[in-house]
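First the structure, in the form of structure tokens, and then the observations on it.
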Amino acid sequence: MKHTTIGLDIAKRVFQVHSVNQQTGEVVRRQLKRAEMLEYFTQLPAALVVMESCGTAQWWARELKKLGHEVKLIAPQFVRPFVKTNKNDAADAQAIWTAAQQPEMRFVAVKTPEQQAVLALHSIRQRLMKNRTAYVNQLHGLMAEFGVCLPRGWRGMLPKAVAALAEGSSPIPGVLRAELQRQIASWKRQEVECERIAAIPGVGLLTATAAVATIGDARTFKSGRQFAAYLGLVPRQSGTGGRVQLLGISKRGDVYLRTLLIHGARGVLSRMRPEAKDTWLGKLARRRPNNVAIVALANKMARQIWALMAHQRIYQPNYAVAATATVA
């Protein structure tokens with residue numbers, strides 16, 4: 001029997017439910033307070049509950065699954081076109097319900113608490129890095145006011161800044177990053193999937209842990225191309241009258257993971273050996289601009305990550321050649 005679909009708009013304190021009775025066609029709209037949420041869904045028969053993938057959605061999804069409901073999350077940009085008139089809680093819940101009925105709708109995986117914790121570590125680390133850059137730039141300016149010119153790069157700059165200041169009066173803020181990286185490294189050693197993914201050239205500690213935590217269940221994506229599209233690594237399309245023009249990458253989806261993959265691809269291309277000039281990447285780099293080759297490699301890395309996770313495989317550098325030889 002097909003479960004009833006419930007569109008649920010979540011917030012901090014007020015929640016909106018939208019559903020349609022399958023027998024009578026009656027539209028059910030109900031506003032719930034936070035304290036009423038779990039009690040209300042406990043009394044309902046098993047249903048398909050659909051929410052926007054936003055703040056606290058992962059926690060609510062796990063709680064509702066414990067009550068026997070099936071839960072799916074939709075990216076907010078896929079819900080927005082179905083808001084009919086003015087935006088309010090009831091209209092948002094109805095738009096979520098309508099979006100869930102679309103046959104080709106793509107959903108976001110429900111993550112485990114451990115996966116969310118790793119993503120939180122990455123978010124904290126990224127914020128600390130931005131703060132570090134801001135502090136270092138400020139220190140450069142302050143020291144320049146006293147005629148002290150510091151070198152570029154915080155590793156070389158900090159020792160010279162400390163030496164240039166009077167002892168006991170150093171205004172340099174502490175650089176906080178060692179503890180977070182140790183925690184991420186510990187989680188990586190415990191995750192078999194991270195170890196497999198880290199074997200891909202250009203995929204290091206941060207990319208592997210962020211990819212596993214972001215993807216969750218790889219089967220959420222039908223193919224590696226769909227995962228690459230989710231990361232915004234595929235071209236935007238513009239066309240009419242049967243003519244389609246490919247533009248730059250869409251830059252949709254997860255900005256952080258896309259950035260890590262592009263940085264990793266840039267490192268692979270910069271360290272490419274002379275004997276690799278006749279490979280796919282070497283030929284592409286010769287005939288196309290450098291950034292195009294970097295993004296193409298990042299796209300390929302994303303597909304490889306999906307393939308290893310979806311099919312539980314180990315990375316093989318010459319997998320395509322080996323597969324062809326096996327078939328022959």
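Exposure proxy shown here: for GLU39, GLU70, the number of other Cβ atoms within 10 Å sets the order, fewest to most, as GLU39, GLU70.
By the rule of a C-alpha distance below 29 Å, with chain neighbours fewer than 8 residues away ignored, the lysines paired with LYS130 are LYS12, LYS111, LYS160, LYS188, LYS251, LYS300. For GLN77 and ASN290, the FRET efficiency from 1/(1 + (r/R0)^6), where r spans their Cβ atoms and R0 equals 41 Å, is about 0.85.
Mind checking the log10 I(q)/I(0) for the range 4-50 at q = 0.15, 0.17, 0.24 Å⁻¹? Debye, one equal scatterer per Cα, no solvent, two decimals. Treating every Cα as an identical point scatterer, log10 I(q)/I(0) equals -0.37, -0.47, -0.91.
Determine, for each peptide in 55-61, 80-86, 197-203, 120-126, the mean count of other beta carbons within 10 angstrom over its residues, then list the peptides with the highest first.
Ranked by mean Cβ neighbours within 10 Å, highest first: 197-203, 55-61, 120-126, 80-86.
Two numbers describe the Cα atoms of the range 192-327: Rg and Dmax, which are 15.4, 49 Å.
Three principal axis extents describe the C-alpha atoms of the range 4-100; from largest down they are 34, 33, 21 Å.
Remark on THR4: its backbone amide H falls under 5 Å from those of LEU48, a criterion applied only to residues 5 or more positions apart or on other chains, H modelled at 1.01 Å from N. The string of couplings for the range 122-130 from the Karplus curve (6.51, -1.76, 1.60, θ = phi - 60°) is 5, 5, 5, 4, 5, 5, 5, 5, 5 Hz, one whole number per residue in order, with x for Gly and Pro. If R0 equals 30 Å, the separation of the Cβ atoms of SER270 and HIS311 corresponds to a calculated FRET efficiency of about 0.50. Take the Cα of LYS33, step 7 Å toward its Cβ, do the same at LEU142, and the gap between the two points is 4.9 nm. Per-residue Cβ neighbour counts within 10 Å put CYS194, CYS149, CYS54 in the sequence CYS149, CYS54, CYS194, beginning with the fewest.
All of the numbers you see were taken from the coordinates with simple rules; none came from a lab. From a predicted model like this one, the values you see are computed outputs, not experimental measurements. Glycine also receives a Cβ, built like all others from the backbone with ideal geometry; neighbour counts cover every protein chain displayed.
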